[in-house]
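The block underneath contains the structure these notes are about, expressed in structure tokens.
Bear in mind that the values in this text are calculations on the coordinates, not laboratory data. Everything numeric in this text was worked out from a predicted model, so none of it was measured. Glycine gets a Cβ as well: all are built from the backbone with ideal geometry, and neighbour counts include every protein chain shown.
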Amino acid sequence: MEPQRNTNATLVDLLDRILDKGLVIYADLIVSVAGIPLIGVNLRAALAGMETMLKYGVMQAWDEKSRAWEKEHRKKTLPSLVKGEEITLKMYGSYYYSKGIYAAWKPGYFYLTDKRLILYRQDFNEITIQVPLEEIKALIMKEEEHFVKEKQKQALYLLDKQGQVHRLSAVEANQLKEAIEQRIKDMGLYLEENPVLPQLEDEQIVGSLMEEERVIHRGKKMWYLVPAEGIQQETWRPGHLYLTDKRLCWWYDFDRKMVFDAPIDRIINVSSEMRKVSGLDSKKESVLDIIYEVNSTKRTASFAGKEIDEWARALEGIVSAGSAEVLGAEMETCPECRKEAPVKELLEKGCSYCNWVSPVSKERVHKIKIPA
């Protein structure tokens, strides 16, 4: 057969030819230098789709071995079950593993059986977590903010009778929760009604506070504009902002540590405004700018979130009252909104968060005589 040139053929035509009928290449190459042959290449190659290869008996042994390995491998994709144990639900999800300095989400498949809940990681043939159904004390669904702004996710918290809290995430968290509840009900067991989820974030914060340091104000997730460092440009990152009687500090959720803190006696000014926040959203956001002093140099820390007005009032009260007074001030919670504030401020001015006014202050104002 003489080779022919087809100028209308495309790459698609070539691939179709290879996959359908295949190609056999015969080539004899000689590499010469100055007319002297140095290297000889004798090439015999067959290119075709696997179906065509197997049809002509090529690579058949390899195919059989590959299929046998895959079949054996798939047998290990299920966790080891005890005798008589049956799987009632399988769902992809992850478990938040935290031990020592290591903290990360471990993905896998949840297997709900008639005896326990398992998270199995088939790639490692590992059971990451297993909780007997009779040991489950309560289940709590909590809507949490995703690392992508304006996106929410459902987290499932499992409380066992040993006092441990297991944080779970699943493709259909509500379905997983309902299946567990139904299975426990079928076993004649009961879950705790109206359970309260421990303040996990606060426990981590308390562990990193100084001795006798007291948290005055805490809020939901706050975004912090992390300054540029090296080749890393300044970026907004999610975390939690805390105000104590000694400092203002920001906890970075991902690294599980304090990334920013400024002593309250170093805070000079506080301001808030609406402006575009690059990387979070195209629309304008409420941004809180805190000016503080470090080694006689003024610096600015910027925060964005849903409670900017509350934070502005809390910090403005500290700046106006003076840090020395706040540090030694006796604190009390507002009877109305339960926010902490200096006792003197509550009695004389009322609560700056909910505008609650002390009855003593009201009576004092009522008794003031207005001259005619």
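For region 11-73, what's the relative contact order in percent, using C-alpha pairs closer than 8 Å and at least 6 residues apart?
On the way: 58 pairs, mean separation 18.3, N = 63.
Relative contact order comes out at 29 percent.
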Q: For Leu23 and Lys257, compute 0.36 nm times the residue count separating them, minus their Cα-Cα distance, and round to one decimal in nm.
A: 78.1 nm
Q. Which pairs, out of Lys83/Lys185; Lys115/Lys177; Lys83/Lys115, put more than 18 Å between their alpha-carbon atoms?
A. Lys83/Lys185
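Hey, can you rank 224-236, 57-69 by average C-beta count inside 10 Å, highest first? It would help to have the intermediate numbers written out before the result.
Values: 224-236: 12.8, 57-69: 11.2.
My ranking of the peptides, most packed first, is 224-236, 57-69.
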Q: Give the Rg/Rh ratio for region 78-186, taking Rg as the radius of gyration of the Cα atoms and Rh as the Kirkwood radius, to two decimals.
A: 0.96
